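The values are calculated or read from the model by the stated rules, or taken from the named source; none is laboratory data. All values reported here derive from a predicted model rather than from experimental measurement. Here the Cβ is made from the backbone with ideal geometry for all residues, glycine too, and neighbour counts use every protein chain on show.
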């Protein structure tokens, strides 16, 4: 038997063996190629695309994030690409994510908006999740003010995403709810998240037996808030409370 300990190339043939993807992996790869092609040509895939260079790069990053999720990569890792895509997109509306502070590349220079800069997408999306937590509590039978008081009392950490002028956390939460219901939220990503999930959350809670509805609504609301403030980019309403 040959001694291969001093032959580092001995295992190269094994490492370089052809990889045969599964049907699911092959589909994910094909979808990624198509999505990146569409994104870089100025089309729209999973993010908002304005056609600018930054927007095209943002779209491509979203495609990578979606690809990784299809392959089963943990959300905390795949979501990094969504977060970077959002941060790039925020530059077009005058908001700058901490990722890009002190960077000199012209692509990363924040645009000067005509009006007050919008909240970065991350914060707007977190607020959408808080509003969805409120939806869950209301669907279980609580009045809006009571539900907002529950969230404010049990999750004072929500204060980390309120504006500087906010004095009352309960009132701020109800204002967020009103803004999303009235579609006056200017961040399209956050508004899309709320519009997509609001009916699902309400239906999920109303489908629970009455005796357990309040408890399960609180559990779901707590989980949604924790995930939102933990910077999770994807809330899954299909995960049963």
Residues satisfying the stated conditions in segment 215-230, i.e. over 17 Å from residue 194 (Cα atoms) and either without any contact (Cβ under 8 Å) to a residue 60 or more places away in the chain or in contact with a strand residue (DSSP E or B) (Cβ under 7 Å, 6 or more places away or on another chain) (or both): 215, 219, 230
Do the conditions hold for residue 60, that is, is it modelled with pLDDT of 80 or more and surrounded by 18 or more Cβ atoms within 10 Å (Cβ to Cβ)? yes
Report whether or not residue 167 is over 30 Å from residue 89 (Cβ atoms) and modelled with pLDDT under 90. yes
Of the residues 132, 108, 71, 91, which is more than 30 Å from residue 219 (Cα to Cα), touching a helix residue (DSSP H, G or I) at 6+ places or on another chain (Cβ under 7 Å) and modelled with pLDDT of 60 or more? 91
Count, please, the residues in segment 176-190 that happen to be in contact (Cβ under 8 Å) with a residue 60 or more places away in the chain and out of contact with any helix residue (DSSP H, G or I) (no Cβ under 7 Å at 6 or more places or on another chain). 2
I'd like the residue in segment 146-162 that is in contact (Cβ under 8 Å) with a residue 24 or more places away in the chain and farther than 15 Å from residue 221 by Cβ and, out of all such residues, is nearest to the chain's Cα centre (by Cα). 161
